[in-house]
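Contents: one structure, followed by commentary.
The values are calculated or read from the model by the stated rules, or taken from the named source; none is laboratory data. Treat the numbers as computed from the prediction; the structure is a model and nothing was measured. Counting neighbours? That spans all protein chains shown, and the Cβs are built from the backbone with ideal geometry, glycine included. These area figures cover heavy atoms from the full protein model, side chains too; ligands, DNA and RNA do not enter into them. Shrake-Rupley method; radii C 1.70, N 1.55, O 1.52, S 1.80 Å.
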Amino acid sequence: FNGGYRSALDRAIPLLLRHDLPFTLFIDAEQVEAGNPQFMSWDDIRKLARNPGVTIALTATPLPRSGETLDDPTAMIRTHLNRAIDAIRNNLGTVPSVFAYPFADYSDIYRQAVAQAGFTAAFTHESGPAYAGLDLLSLPRFTLSENYDDLDRFRM
């Protein structure tokens, strides 16, 4: 689940937990820290993290943010990644090893910042299969949301 939206906690996650199906929750720590009501709280995330089949990972708010420019995109990305990693460490006592690039923000600069932050794997928004030899910091994923969430697409 990308973002840590409350709707996932209210709808899909209880079904997965009930059936012992593992999943990864990519949280947007900045939104959680801001107390955005559309997102899960740290208490919600801590409860989920206690389940053995739940992996807590990181995503980010798309760049640039309000009041910021991309004069130094590498420094800005690193700053946001470090803040988010610190928030997870402070609230969960762990450091995430997996990242999901926000929307279309994947770039060589972003990939380099993710690598320097110590992530072992990262997912882009490119659809496609995974295969041996694929760059672990540029993994594809299939989106199942909004216009892409019907059962036929899931079967495909």
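Considering only residues in the range 10-49 that are under 20 Å from Arg89 (Cβ atoms) and among the β-branched types (Val, Ile, Thr), the one that is most open to solvent (accessible area, probe 1.4 Å) turns out to be Thr24. Taking the criterion of being in contact with a Ser or Thr (Cβ under 9 Å, 6 or more places away or on another chain) and either within 24 Å of Phe103 (Cβ to Cβ) or modelled with pLDDT under 95 (or both), the residues of the range 30-50 that qualify are Glu30, Gln31, Val32, Gly35, Gln38.
Number of residues in the range 51-76 that are at pLDDT 70 or above and not charged (D, E, K, R) equals 15.
So is Ser97 among the small types (Gly, Ala, Ser), open to solvent by 50 Å² or more (accessible area, probe 1.4 Å), under 20 Å from Thr24 (Cα atoms) and modelled with pLDDT under 90 or not? Judged against the criteria, Ser97 is not a match. Take Gly4 and decide whether it is small (Gly, Ala, Ser), open to solvent by less than 40 Å² (accessible area, probe 1.4 Å) and in contact (Cβ under 8 Å) with a residue 40 or more places away in the chain. So Gly4 passes the test. Residue count for the range 72-90 under the criterion of being open to solvent by less than 40 Å² (accessible area, probe 1.4 Å) and closer than 19 Å to Gln31 by Cβ: the result is 8.
Once the range 100-134 is narrowed to residues that are open to solvent by 60 Å² or more (accessible area, probe 1.4 Å) and of a type in the set (Asp, Glu), the residue that is modelled with the highest pLDDT is Asp108.
When the range 1-29 is filtered for residues that are among the polar types (S, T, N, Q) and either at pLDDT 95 or above or under 16 Å from Arg50 (Cα atoms) (or both), only Thr24 remains.
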